[in-house]
């Protein structure tokens, strides 16, 4: 049976593996379709798609947009986005500037704590316009402030809510859906079971997002219990939403979900493709 993983991150955003490494690792595990969905970035898609073609693996061009709703994070995935579209590039360039500003603030906080890492070194480690916490963590590791990368992502340092943590710039989920639709993509709600600390996204908000153009929901996710998975399958059926799933992989040494923890049956990918084809027919 063929499987897919439609939620993967690389060094083009906050992952620790390059786009090529992500694709090759997925190939080693037997995946036939994957989607690279870096945070607010399409910088890894060209490399990922190229390697995928060599390995006879389909790489769906994707993205994950970070949004804020009622002071809580909501992530929106976009599949089959036209990643070369100028409107998307312009918006992402703004996000890049906001990310650099965020990194500067976290570095300043760390410096004030006696952790002396240089902004120039963090940008050098990023190696691209995308700079994030993994690059700060690597700079900390280089200078011996931590023993491994995962130690940086704790309350002591740059873990969410940590002493040196700074929130990311975010747009509303409705604006994210609008942006994805404008570049011919399929907007999908990411990991609804991972919302607030002890809560999950309820049907009421999903209904609002559907009214705003949402077309799918990430049902299969490592942190979704069997009960939550069943719940979101029912919600997807009720609102005629596409079903997606993925590991939310961030690299081999990220200390987060592992690649292979979710194997989405290929039938769900075919349904996604059918929707894309239908939208194209409506456009022309």
Going by alpha carbons, how many degrees (0 to 90, nearest 10) lie between the helix axis of 266-283 and the longest principal axis of the chain? 80 degrees
Suppose each label sits 7 Å from its Cα in the direction of the beta carbon; what would the residue 271-residue 184 distance come out to in nanometres? 2.4 nm
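Order the peptides 85-96, 176-187, 259-270 from the highest to the lowest mean number of other Cβ atoms within 10 Å of their residues.
176-187, 259-270, 85-96
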Gain upon complete extension [residue 119, residue 169; 0.36 nm per residue less C-alpha separation]: 16.1 nm
Can you work out the FRET efficiency for the pair residue 28 and residue 104, with r the C-beta to C-beta distance and R0 = 51 Å, to the nearest 0.05? 0.85
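Report the antiparallel proportion of the DSSP beta bridges in the chain as a percent, rounded to a multiple of 5.
45 percent
Could you grab the relative contact order for the chain? Cα pairs under 8 Å, six or more apart, rounded to a whole percent.
Once divided by the residue count of the chain, the mean separation gives 21 percent.
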Here, residue 143 and residue 111, labelled 7 Å along Cα→Cβ, have an inter-label distance in nm of 1.0 nm
In nanometres, the difference between 0.36 nm per residue of separation and the alpha-carbon distance of residue 202 and residue 233 is 9.9 nm
Please list log₁₀ I(q)/I(0) at q = 0.16 Å⁻¹ for the chain, using the Debye equation with identical point scatterers on the alpha-carbon positions. -1.32
Compute the convex hull volume of the Cα atoms of segment 1-62, divide it by the residue count, and report the result per residue in Å³ as a whole number. 61 Å³
What is the helix-to-structure angle for 45-54, meaning the angle in degrees between its Cα long axis and the longest Cα principal axis of the chain, kept from 0 to 90 and rounded to the nearest 10? 60 degrees
If contacts are Cα pairs under 8 angstrom and at least 6 residues apart, what is the relative contact order of segment 92-153 in percent? 29 percent
Of the peptides 15-27, 102-114, 51-63, how do they stack up when ordered by the mean number of other Cβ atoms within 10 Å, highest first? 15-27, 51-63, 102-114
Just to be sure I understand the model, the point goes 7 Å from the Cα along the line to the Cβ. What's the resulting residue 160 to residue 56 distance in nm? 4.0 nm
Principal axes first, then extents: for the Cα atoms of segment 1-116, list largest minus smallest coordinate on each axis, whole Å, largest first. 52, 33, 26
Provide the convex hull volume over Cα atoms per residue for segment 97-245, in Å³. 133 Å³
For the chain, what is the calculated [θ] at 222 nm in deg cm²/dmol (nearest 500), taking -39500 (n - 2.57) for each run of four or more DSSP H residues and dividing by its residue count? -13000 deg cm²/dmol
At R0 = 25 Å the Cβ-Cβ FRET efficiency linking residue 280 and residue 2, nearest 0.05, sits at 0.60
Taking the chain as the reference, fit the longest principal axis to its C-alpha atoms, fit the long axis of helix 173-182 to the helix C-alpha atoms, and give the angle between the two in degrees, 0 to 90, nearest 10. 60 degrees
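For segment 92-153, what is the Kirkwood hydrodynamic radius in Å, using each pair of distinct C-alpha atoms?
Details: mean 1/r = 0.0859 Å⁻¹.
It works out to 11.6 Å.
Rule-based calculations on the coordinates, nothing more; no lab input. Given the structure is predicted, the values throughout are model-derived calculations rather than measurements. Heads up, the Cβs are rebuilt from the backbone with ideal geometry, glycines too, and the neighbour counts pull from every protein chain shown.
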